[in-house]
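Engineer: Once you've had a glance at the structure underneath, I'll fire off some questions.
The values are calculated or read from the model by the stated rules, or taken from the named source; none is laboratory data. For clarity, every value in this text was computed on a predicted model and none was experimentally measured. Every residue, glycine as well, gets a Cβ built from its backbone with ideal geometry; the counts of neighbours run over all protein chains shown.
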Amino acid sequence: MAKKETEKVDLKELSFSQSVSYYFDKAAPFTKAPNGLLEQIKACNSIYKMNFPVKFGSDVKVIEAYRVQHSHHRMPTKGGIRYSLHVDQDEVMALAALMTYKCAIVDVPFGGAKGGIKISPRNTPPEVLEAVTRRYTTELIKKNFIGPGLDVPAPDYGTGEKEMAIIMDTYMTMKPGDVDGYACVTGKPVSQNGIHGRTEATGRGVVYALAQVCSYKDDMKKLGLEVGLDGKRVIIQGLGNVGFHTANIIKEYGAKVIAIAEMEGAIYNEKGFDAKEVLAHRKATGSILNFPGAKNIKNSSHALELDCDILIPAALEKQITELNAPNIKAKIVAEAANGPVTPAAEAILLKKGVVIIPDIYINAGGVTVSYFEWLKNLSHVRFGRMQKRFEEKAQRNMIDLVESITGQKASRAQIEKVIHGADEIDLVNSGLEDTMIKAYHDIREFYKSEKNLKDLRTAAFAVSINKIKDAYYAMGIFP
Ligand code: NAD
């Protein structure tokens with residue numbers, strides 16, 4: 001039974017999906033859900049494994065791919081698609097389960113899902129990648145595993161807006177006349193019915209979350225840190241979508257990214273990096289190494305062990321294990337990637353007093369803005385289109401009124417500051433910030449209210465399970 005399993009687990013032996021179940025079981029006793037319902041929430045509802053042929057030069061290659069729908073307690077299901085040679089069923093099941101808990105935490109009304117294709121996007125020609133993406137989408141359509149009300153994919157490791165546009169195009173070709181068809185996938189380019197702010201949403205969400213985490217005086221005092229992000233020394237692993245945008249945006253808050261780790265090695269500079277410059281250097285030279293003014297670290301993983309305030313793993317799962325956890329010097333570990341800290345490593349870090357901000361909360365910015373994109377596609381209107389000018393006129397009237405009462409003229413700079421009707425990007429970022437703040441508040445309040453709770457991950461899982469339990473109760477299925 002879910003409530004008892006944690007007692008006899010060898011943490012070092014757990015697979016990724018077993019780790020997620022372990023965290024679930026650890027949180028279960030703090031929830032009000034009966035055991036039968038806990039079993040239902042934890043179970044993966046549908047697993048679709050497929051093999052299909054794709055032409056590769058003069059030969060044909062068999063491609064292994066998955067789509068897992070973890071929970072149907074809310075529809076559609078939602079979750080990214082990963083392209084990586086490490087993809088297997090266990091990984092996709094783990095990622096799908098994390099999506100269920102993540103959506104619940106940030107009040108995004110979807111069940112969790114995930115997709116994966118065992119392929120290296122770096123070493124596969126673009127035309128083959130396109131053929132694979134189209135065939136994968138077709139397979140999903142054949143089995144009703146994709147659709148605006150069924151299951152809505154998004155980008156993940158190794159995929160981006162290009163793949164999402166191909167998925168949408170394939171879907172619309174197969175379902176002509178489906179007026180809501182654009183909502184079959186999110187993370188599309190803005191020109192292809194995407195939404196402003198989705199590309200950077202996960203990284204932006206990570207920064208909003210960290211700003212909130214660092215805003216509590218008592219919590220920071222316990223860690224020996226100052227309040228706020230200003231001046232914080234940050235290390236980031238992975239300069240892909242999530243890592244790059246996190247590095248870029250956290251700089252605006254006054255934090256310094258002192259080390260960046262990538263596959264080919266890591267770079268260190270106490271003065272801090274500009275992520276855009278590092279990315280440009282990587283594009284030009286094929287590597288982040290030899291960046292002007294930086295020290296090279298040949299073994300990339302050694303960068304995670306450098307002294308810093310906040311460590312942000314933003315690459316892949318199982319990056320901090322029982323082997324390197326004893327050497328981690330960060331006071332806060334922010335899980336921008338999914339599952340970067342193993343349960344065995346977590347036990348070591350918690351003993352050292354490290355605060356771990358769990359993946360199911362801190363990287364939820366992506367699915368939050370995907371939800372906004374889905375809403376935009378279903379409503380067929382850009383956010384802000386109806387009210388922007390109206391707001392600006394109302395603000396202009398207010399300035400006129402103040403000027404007529406005071407007899408003083410506002411300067412051009414003052415007027416420009418006040419008159420600004422909300423654009424789509426303003427509304428998206430505002431909705432994202434509010435979501436990340438509220439969710440952290442819920443987790444922290446729960447953590448503080450339960451004296452036996454020892455970590456934020458268990459609190460986050462418990463908050464999430466309670467919300468899913470309420471959804472089942474509302475359907476009248478349980479108790
Ligand atoms: P990405 O493919 O855009 O970037 C990942 C980067 O990590 C790549 O540059 C890759 O070279 C690097 N990397 C891989 N292994 C590494 C290693 N051992 N050391 C250092 N760098 C390494 O992927 P992404 O979309 O940024 O996703 C990263 C993580 O964030 C994944 O765990 C993903 O599931 C999670 N995530 C992504 C999103 C999203 O919106 N893209 C949302 C939530 C969570």
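Engineer: So Thr368 clears everything in (1) over 14 Å from Val106 (Cβ atoms); (2) surrounded by 15 or more Cβ atoms within 10 Å (Cβ to Cβ) except one condition, right? Which one?
Structural biologist: Looking at each condition in turn, Thr368 falls short on (1).
Engineer: Look at Leu316 and say whether it is under 25 Å from Gly116 (Cα atoms) and assigned by TED's automatic domain parsing to the domain that holds Thr246.
Structural biologist: Numbers: under 25 Å from Gly116 (Cα atoms): yes; assigned by TED's automatic domain parsing to the domain that holds Thr246: yes.
Criteria met by Leu316.
Engineer: Select from the stretch 74-90 the residues that are buried (at least 24 other Cβ atoms within 10 Å of the Cβ) and not small (Gly, Ala, Ser) and write down the one among them that is farthest from the ligand (Cβ to nearest atom).
Structural biologist: Pass one, the stretch 74-90, residues buried (at least 24 other Cβ atoms within 10 Å of the Cβ): 77-83.
This time we only want the ones that are not small (Gly, Ala, Ser), so: 77-78, 81-83.
Values: Thr77: 16, Lys78: 11, Ile81: 10, Arg82: 7, Tyr83: 8 Å.
Ranking the candidates gives Thr77 first.
Engineer: If you don't mind, there's one more thing I want to ask. Out of all the residues in the stretch 384-403, is one or more crowded, with 20+ Cβ neighbours inside 10 Å, under 27 Å from the mean Cα position of the chain (by Cα) and assigned to a loop (DSSP other than H, G, I, E, B)? Step through it out loud before you land on a result.
Structural biologist: Of the stretch 384-403, the ones crowded, with 20+ Cβ neighbours inside 10 Å are none.
Checked the stretch 384-403: no residue is crowded, with 20+ Cβ neighbours inside 10 Å, under 27 Å from the mean Cα position of the chain (by Cα) and assigned to a loop (DSSP other than H, G, I, E, B).
Engineer: Give Lys331, Lys351 a once-over and let me know the one that is under 21 Å from Tyr447 (Cα atoms) and surrounded by fewer than 18 Cβ atoms within 10 Å (Cβ to Cβ).
Structural biologist: Residue meeting the stated conditions: Lys351.
Engineer: Check off (1) outside any helix (DSSP H, G or I); (2) more than 15 Å from the ligand (Cβ to nearest atom) for Gly339 and give me the number that stays unchecked.
Structural biologist: If we test Gly339 against (1) outside any helix (DSSP H, G or I); (2) more than 15 Å from the ligand (Cβ to nearest atom), just (2) comes out false.
Engineer: Taking Lys175, is it of a type outside the set (Val, Ile, Thr), more than 23 Å from Ala439 (Cα to Cα) and in contact with a Pro (Cβ under 9 Å, 6 or more places away or on another chain)?
Structural biologist: Values: of a type outside the set (Val, Ile, Thr): yes; more than 23 Å from Ala439 (Cα to Cα): yes; in contact with a Pro (Cβ under 9 Å, 6 or more places away or on another chain): no.
So Lys175 fails the test.
Engineer: Assess whether Ile443 counts as being more than 23 Å from Asp359 (Cβ to Cβ), assigned to a helix (DSSP H, G or I) and of a type in the set (A, V, I, L, M). Steps first, please.
Structural biologist: Working: more than 23 Å from Asp359 (Cβ to Cβ): no; assigned to a helix (DSSP H, G or I): yes; of a type in the set (A, V, I, L, M): yes.
No.
Engineer: May I ask you to verify whether Leu239 is buried (at least 21 other Cβ atoms within 10 Å of the Cβ) and either free of Cβ contacts under 8 Å to residues at least 12 places away in the same chain or among the hydrophobic types (A, V, I, L, M, F, W, C) (or both)?
Structural biologist: Values: buried (at least 21 other Cβ atoms within 10 Å of the Cβ): yes; either free of Cβ contacts under 8 Å to residues at least 12 places away in the same chain or among the hydrophobic types (A, V, I, L, M, F, W, C) (or both): yes.
Spelling it out, Leu239 is indeed buried (at least 21 other Cβ atoms within 10 Å of the Cβ) and either free of Cβ contacts under 8 Å to residues at least 12 places away in the same chain or among the hydrophobic types (A, V, I, L, M, F, W, C) (or both).
Engineer: In the set Ile260, Ile267, Ile250, which member is under 17 Å from the mean Cα position of the chain (by Cα) and not assigned by TED's automatic domain parsing to the domain that holds Val106? Before you say what the answer is, go through the steps one by one.
Structural biologist: Numbers: Ile260 fails: under 17 Å from the mean Cα position of the chain (by Cα); Ile267 fails: under 17 Å from the mean Cα position of the chain (by Cα).
Matching residue, one of Ile260, Ile267, Ile250: Ile250.
Engineer: Here's a follow-up. Can you name the number of the only condition in (1) among the polar types (S, T, N, Q); (2) crowded, with 24+ Cβ neighbours inside 10 Å; (3) away from the ligand (no atom under 15 Å from the Cβ) that Thr202 fails?
Structural biologist: Thr202 satisfies all of (1) among the polar types (S, T, N, Q); (2) crowded, with 24+ Cβ neighbours inside 10 Å; (3) away from the ligand (no atom under 15 Å from the Cβ) except (3).
Engineer: Which pairs have Cβ atoms under 7 Å, sit 6 or more apart or on different chains, and link a residue in the stretch 390-412 that is within 17 Å of Asp423 (Cβ to Cβ) to one that is part of a helix (DSSP H, G or I)?
Structural biologist: Listed by first residue and then by second, the contacts come to Gln395/Val418.
Engineer: Next question. With the requirement that a residue be of a type in the set (Gly, Ala, Ser) and either within 16 Å of the ligand (Cβ to nearest atom) or within 21 Å of Met220 (Cβ to Cβ) (or both), what does the stretch 342-362 give you? Lay out the reasoning, then the answer.
Structural biologist: Within the stretch 342-362, the subset of a type in the set (Gly, Ala, Ser) is 344-345, 347, 353.
Those that are of a type in the set (Gly, Ala, Ser) and either within 16 Å of the ligand (Cβ to nearest atom) or within 21 Å of Met220 (Cβ to Cβ) (or both): Ala345, Gly353.
Engineer: What's the number of the condition Val381 fails, among (1) under 19 Å from Val213 (Cα atoms); (2) of a type in the set (A, V, I, L, M, F, W, C); (3) in a loop (DSSP other than H, G, I, E, B)?
Structural biologist: With (1) under 19 Å from Val213 (Cα atoms); (2) of a type in the set (A, V, I, L, M, F, W, C); (3) in a loop (DSSP other than H, G, I, E, B) applied to Val381, the lone miss is (1).
Engineer: Return the total of residues in the stretch 260-283 being within 10 Å of the ligand (Cβ to nearest atom) and on the phi > 0 side of the Ramachandran plot.
Structural biologist: 1
Engineer: Could you check how many residues of the stretch 284-316 are within 12 Å of the ligand (Cβ to nearest atom), in a loop (DSSP other than H, G, I, E, B) and surrounded by 22 or more Cβ atoms within 10 Å (Cβ to Cβ)?
Structural biologist: Counting residues in the stretch 284-316 that are within 12 Å of the ligand (Cβ to nearest atom), in a loop (DSSP other than H, G, I, E, B) and surrounded by 22 or more Cβ atoms within 10 Å (Cβ to Cβ) gives 2.
Engineer: Right, here's the next one. Does the stretch 113-170 hold any residues that are of a type in the set (Ser, Thr, Tyr), away from the ligand (no atom under 16 Å from the Cβ) and surrounded by fewer than 24 Cβ atoms within 10 Å (Cβ to Cβ), and which are they?
Structural biologist: So in the stretch 113-170, the residues of a type in the set (Ser, Thr, Tyr) come out as 120, 124, 133, 136-138, 157, 159, 170.
Those left that are additionally away from the ligand (no atom under 16 Å from the Cβ): 136-138, 170.
The answer is Thr138, Thr170.
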